[in-house]
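The structure appears right after this line, and notes come after that.
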2 protein chains.
Amino acid sequence: MEVVIDRDAFLKGLQMVQNIVEPRQTLPILANVLLESDSDAVRVTATDLEVGARVAIPAKVASKGAITVSARKLAEIVKELPTAPVALKVTDNASVSLRCAGATYKLVGLSPDDFPPVVPASPASWVSLDTKTLREMLGQTSFAISHDETRYALNGILLVLQEKDVQMVATDGHRLATSKRSLGRGVGGMTGIVPRKAIIEIMRVLGAGEDVQIAITENQFVLQMPSFVMTARLIEGQFPNYEAVIPKGHPGRLVVSRSAFAAALRRVAVMAEDRNKPVRLALTPTALRLTASSQDLGEAEEVLEVEYHGGELVIGFNSRYLLDAISAVEREQIVLELKDSLSPGVIKSVEEEGYCCVIMPMRI
Amino acid sequence: MEVVIDRDAFLKGLQMVQNIVEPRQTLPILANVLLESDSDAVRVTATDLEVGARVAIPAKVASKGAITVSARKLAEIVKELPTAPVALKVTDNASVSLRCAGATYKLVGLSPDDFPPVVPASPASWVSLDTKTLREMLGQTSFAISHDETRYALNGILLVLQEKDVQMVATDGHRLATSKRSLGRGVGGMTGIVPRKAIIEIMRVLGAGEDVQIAITENQFVLQMPSFVMTARLIEGQFPNYEAVIPKGHPGRLVVSRSAFAAALRRVAVMAEDRNKPVRLALTPTALRLTASSQDLGEAEEVLEVEYHGGELVIGFNSRYLLDAISAVEREQIVLELKDSLSPGVIKSVEEEGYCCVIMPMRI
């Protein structure tokens, strides 16, 4: 392999795949990226055996070939290089020389033959989404993904492609967030749980404006952009029946400004010393009174003018869960639906369809 | 105490003193700041018994008084408040109410009588420095302060006020950095080791343009700015004889562009896997060849055109030490004085007087 790549494109490409590489690997070659040249590009591939990503970087290719080298080291080097052409030359299966401006490197590698294949999936059908929609849907659900490793099926987002709709659902058992969009055209009928790591990496690499194609196969999630593909093994396991979790017909309905509610929550929660930052909401037809207290430190209170239809009510929530749920709304007015102090609250947007977050109350 | 303070000024003031408070305190009141009102200001004081700081914030004072409250909690609250007047009212010795816009807090405090006094030192004479000079001198020395807790006397900057000169010196045993300025007027004759924590806080709070006054008393360092004072107990112990450490008359003299040298060092050091990031410098009259290697990863090389007077020479350095020393120079051309591969190197600026950094070589 003998190629010349633009340094900035090389760095951008490496940054798109390098987080896939886990810092501590049992298999040494998984700490590496695979570099392969075809006629006019260098493909860079990374995998942790569950999630894989590949990016194609335009290059002047003098001769084809492949090598694997330390992902971290290569990214460190390219980051320090000046904006100038980078010449890569693989002399044998085990090392590559890199030249850029006055700097020369020789990197010890491992044979490309031992690199685990990142299977380029060929699903039966693709669903095309614009970047903005995908980013919004991920933002409206990813915060609720469970971090509890023992609840394996909750460590990702349930992706449902059904009829004309794309729906995402995430829950950690204390809250459940879902986002649904109708695409106005058939999307097939596949379902799968996409692992958190893939979700995080998608949110990181999503560019502006480009269209994205996604697909679910029997055991894989695949995302494609021009010059980029990511695959993730679906999480096996039973996702909860999310439709049963979402309450319908709560009688109480609070309409409040998103920014005012969020600011008041943050101010009041400062005095909630518990790890869960509990805040008490007391509702009357025209006012929402937020309070929090801690035995050692004192108490906080703030009253907001609101529009509330329903019976007077006092209910406690983890304030971080409320803030996460509110932050996922784009528009300025949000709705909080309530029944009583023991039933979950439901946060929606006044204007946007398709998003809701169910939050279990706290006894306080 | 009953006062009204502007929220932004309150936040700025708190941020100037809050880092003095150590997160883990044996004495509970040391987690607090002391708030005291006089006729037109609230003074906020923090101390860890070694370093203390006090800031005066303009206020409308309805009644005088004092209280101590959690430094962390107060800063968290004020940070979340909107830009609006903040009303503080101490009802008894043990709590304070805070109101701002729609938010109300009650903070449990501790009696101001138990707060350790931060003695406002009254030194025999002050030395006036402009902020820029002080910042530069601290930047040219602070990186060399030792982190080795067992070498107590090296855990700060030696400050020497002598005749018309201000000099600072720091060393960790592997390198020594010093910065000296003549003020053109007498500065008295005092010497003391100022602890690292005070140095870091001074660098953090130094504003733009203001003049600063410093002084050394028998056991204290004091820094004064308008509305702000910091005191630090001097470190007791014997600072090394720094004049004996600085080599004089090294025969080899390299002149090189600071930015080119720094960039090449960073690029080559990527391949130095050792914790000390050793880089080898090979010098000929017109070229500086930098190399580094690691058995597992490979090697790096870069050649710079330089001006070198002296015998051909190969010498190894910790590249981070070289980078620290180079970064402390403002101008574009630096000088590296060398003797042989076992003698320390001396980094200076071509144009600036008063700065030098001595670095021990590494055998590589």
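Before moving on, here are some points about what is shown:
- Applying the condition of being of a type outside the set (Ser, Thr, Tyr) and within 14 Å of residue A:17 (Cα to Cα) to segment A:62-75 and asking which residue is nearest to the other protein chains (Cβ to nearest Cβ) yields A:73.
- Some residue of segment B:237-254 being part of a loop (DSSP other than H, G, I, E, B), closer than 17 Å to residue B:125 by Cα, outside the structural domain of residue B:315 (by TED's automatic domain parsing) and out of contact with any His (no Cβ under 7 Å at 6 or more places or on another chain): no
- Candidates A:86, A:61, A:42: the one that is in the same structural domain as residue A:10 (by TED's automatic domain parsing), modelled with pLDDT of 95 or more and touching a Cys at 6+ places or on another chain (Cβ under 8 Å) is A:86.
- Some residue of segment B:216-226 being assigned to a helix (DSSP H, G or I) and outside the structural domain of residue B:49 (by TED's automatic domain parsing): no
- Single residue of segment A:18-41 satisfying the filter (among the hydrophobic types (A, V, I, L, M, F, W, C) and crowded, with 24+ Cβ neighbours inside 10 Å) that is nearest to the chain's Cα centre (by Cα): A:20
- Where residue B:288 falls short, out of the listed (1) more than 22 Å from residue A:100 (Cα to Cα); (2) surrounded by 14 or more Cβ atoms within 10 Å (Cβ to Cβ): (1)
- Condition met for residue A:327 (within 14 Å of another protein chain (Cβ to nearest Cβ), under 29 Å from the mean Cα position of the chain (by Cα), closer than 16 Å to residue A:175 by Cα and hydroxyl-bearing (Ser, Thr, Tyr)): no
- Of the set (1) in contact with a strand residue (DSSP E or B) (Cβ under 8 Å, 6 or more places away or on another chain); (2) modelled with pLDDT of 95 or more, all apply to residue B:273 but (2).
- Considering residues of segment A:291-312 that are surrounded by fewer than 18 Cβ atoms within 10 Å (Cβ to Cβ) and more than 11 Å from every other protein chain (Cβ to nearest Cβ) only, the residue nearest to the chain's Cα centre (by Cα): A:307
- Residue count, segment B:104-123 (criterion: without any contact (Cβ under 8 Å) to a residue 24 or more places away in the chain and within 14 Å of chain A (Cβ to nearest Cβ)): 2
- Screening residue A:71 with (1) touching a residue at least 60 places away in the same chain (Cβ under 8 Å); (2) of a type outside the set (D, E, K, R); (3) under 27 Å from residue A:220 (Cβ atoms) gives one miss only, at (1).
- Residue in segment B:253-263 that is farthest from the other protein chains (Cβ to nearest Cβ), counting only those that are surrounded by 16 or more Cβ atoms within 10 Å (Cβ to Cβ) and within 26 Å of the chain's Cα centre (by Cα): B:258
- Residue B:81 surrounded by 15 or more Cβ atoms within 10 Å (Cβ to Cβ) and either touching a residue at least 60 places away in the same chain (Cβ under 8 Å) or more than 21 Å from the chain's Cα centre (by Cα) (or both): yes
- Taking segment A:1-65 and the strands (runs of 3 or more DSSP E) fully enclosed by it, the elements with 3 or more residues that are touching a strand residue (DSSP E or B) at 6+ places or on another chain (Cβ under 7 Å) and closer than 14 Å to residue A:78 by Cβ are at A:2-6, A:51-63.
- Test: residue in segment B:313-329 that is of a type in the set (Ser, Thr, Tyr), out of contact with any Ser or Thr (no Cβ under 9 Å at 6 or more places or on another chain), surrounded by 16 or more Cβ atoms within 10 Å (Cβ to Cβ) and closer than 17 Å to residue A:103 by Cα: yes
- Some residue of segment B:124-133 being crowded, with 19+ Cβ neighbours inside 10 Å, among the hydroxyl-bearing types (Ser, Thr, Tyr) and away from chain A (no Cβ under 14 Å): no
- Residue check, residue B:207 in contact (Cβ under 8 Å) with a residue 12 or more places away in the chain, under 15 Å from the mean Cα position of the chain (by Cα), surrounded by fewer than 16 Cβ atoms within 10 Å (Cβ to Cβ) and part of a loop (DSSP other than H, G, I, E, B): yes
- Candidate set from segment A:264-285 (those that are within 13 Å of chain B (Cβ to nearest Cβ) and surrounded by fewer than 20 Cβ atoms within 10 Å (Cβ to Cβ)); member that is nearest to the chain's Cα centre (by Cα): A:266
- Residue B:173 part of a loop (DSSP other than H, G, I, E, B), at pLDDT 95 or above and surrounded by fewer than 18 Cβ atoms within 10 Å (Cβ to Cβ): yes
- Among the residues making up segment B:237-279, those that are touching a residue at least 12 places away in the same chain (Cβ under 8 Å), farther than 25 Å from residue B:330 by Cα and of a type in the set (D, E, K, R) are B:273, B:274.
- Output for segment A:85-103, where each listed residue is within 13 Å of chain B (Cβ to nearest Cβ) and polar (S, T, N, Q): A:91, A:95, A:97
The values are calculated or read from the model by the stated rules, or taken from the named source; none is laboratory data. None of these values were measured; they are calculated from a predicted model. Here the Cβ is made from the backbone with ideal geometry for all residues, glycine too, and neighbour counts use every protein chain on show.
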